[in-house]
């Protein structure tokens, strides 16, 4: 029997047709064969005028059966078509898509449910891995920042002190011991040494703060946001306004990974605004609505195309949001600025209803 079906199977595979089309094709062949057999039998048993009537009836019945077969099979295969559409969407990067669980067929329903459960587990594993990677990055940032502050910073401070002392002693020397030209040249070199040492020390301090601001660990998220606004004004020439009143009741309850994610998203957004938006001001709003935290960064620039200009920056921002079960959107409005909004669900340890009541009170 397998030898008989093997050529048919190979022939169907060469046609590259779907499972639905294969079932229709096989059923059509069977129906046509049964119709021809019925016509052959009736041609030997009936008179001519009865034979014509029966032939018309058999052909109409066969066509009706064929179309009914196609309709019923299409309805039965529809959940599979939807599942295939979902799989293709996920393959193109839409990982939030889920298959529709239908009651039309319990087998397909179980398949769709198992597929959704698998996606949920994979998404949770991916989020956990992302959280682990981001936490490792923050720990490494903190370590490097401390090393820069404690080791390089102290060494540069000592070098600066020695350079200033040497410069002071040099000016106390009498010019009679050396030529005037040599005295001026050496004085200039010493002043340049002091200047470069002081500049290097300041750069190391700034780099250490950018890697992991101590204010975030010592004073919390709101103080870190205020520091970020001041730093952006000095370093990026960007005026930053803050709207943090709505989040004050809950900010002390946020776990460290939430504080880090909100801070890093804001920091990256301000950097991108300074580089690409040609903006003068930016507004940072941090609020609470129902069971979500909303972070919004809006500028008055030209409306930059985030995906084209930022690359890994926007990817890192989205990873931080999705690792906590949230999302990040960027809307660029030509000549009206850009709006970056991150939405994070409240941690399960925080009761949003009590917080909302306290805000109303």
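Scanning the stretch 89-127 for residues that are within 30 Å of residue 213 (Cα to Cα) and either surrounded by 15 or more Cβ atoms within 10 Å (Cβ to Cβ) or modelled with pLDDT of 80 or more (or both) yields 124, 125, 127.
Please determine whether any residue of the stretch 175-184 is outside any helix (DSSP H, G or I), out of contact with any strand residue (DSSP E or B) (no Cβ under 9 Å at 6 or more places or on another chain) and either modelled with pLDDT under 70 or surrounded by 12 or more Cβ atoms within 10 Å (Cβ to Cβ) (or both). There is at least one residue in the stretch 175-184 that is outside any helix (DSSP H, G or I), out of contact with any strand residue (DSSP E or B) (no Cβ under 9 Å at 6 or more places or on another chain) and either modelled with pLDDT under 70 or surrounded by 12 or more Cβ atoms within 10 Å (Cβ to Cβ) (or both). Looking at this structure, is residue 267 under 26 Å from residue 203 (Cβ atoms) and surrounded by fewer than 16 Cβ atoms within 10 Å (Cβ to Cβ)? So residue 267 fails the test.
Checked against (1) outside any strand (DSSP E or B); (2) modelled with pLDDT of 75 or more, residue 241 meets all criteria but (1).
State yes or no: is residue 286 in contact with a strand residue (DSSP E or B) (Cβ under 8 Å, 6 or more places away or on another chain) and over 20 Å from residue 138 (Cα atoms)? Can you show your working first?
On the way: in contact with a strand residue (DSSP E or B) (Cβ under 8 Å, 6 or more places away or on another chain): yes; over 20 Å from residue 138 (Cα atoms): yes.
When the stated conditions are applied, residue 286 passes them.
Residue count for the stretch 188-236 satisfying the condition of being within 29 Å of the chain's Cα centre (by Cα), closer than 30 Å to residue 300 by Cβ and either at pLDDT 85 or above or assigned to a helix (DSSP H, G or I) (or both): 22. Within the stretch 195-230, restricting attention to residues that are surrounded by 14 or more Cβ atoms within 10 Å (Cβ to Cβ) and touching a strand residue (DSSP E or B) at 6+ places or on another chain (Cβ under 9 Å), the residue that is farthest from residue 258 (Cα to Cα) is 229. Annotation: of all residues in the stretch 316-361 being more than 22 Å from the chain's Cα centre (by Cα) and part of a loop (DSSP other than H, G, I, E, B), the one that is modelled with the lowest pLDDT is 361.
Test residue 259 against the criterion of being within 28 Å of residue 218 (Cα to Cα), within 21 Å of the chain's Cα centre (by Cα) and either part of a helix (DSSP H, G or I) or at pLDDT 90 or above (or both), and give yes or no. When the stated conditions are applied, residue 259 passes them.
The values are calculated or read from the model by the stated rules, or taken from the named source; none is laboratory data. What you see is a predicted model, and the numbers here were worked out from it, not measured in a lab. Glycine also receives a Cβ, built like all others from the backbone with ideal geometry; neighbour counts cover every protein chain displayed.
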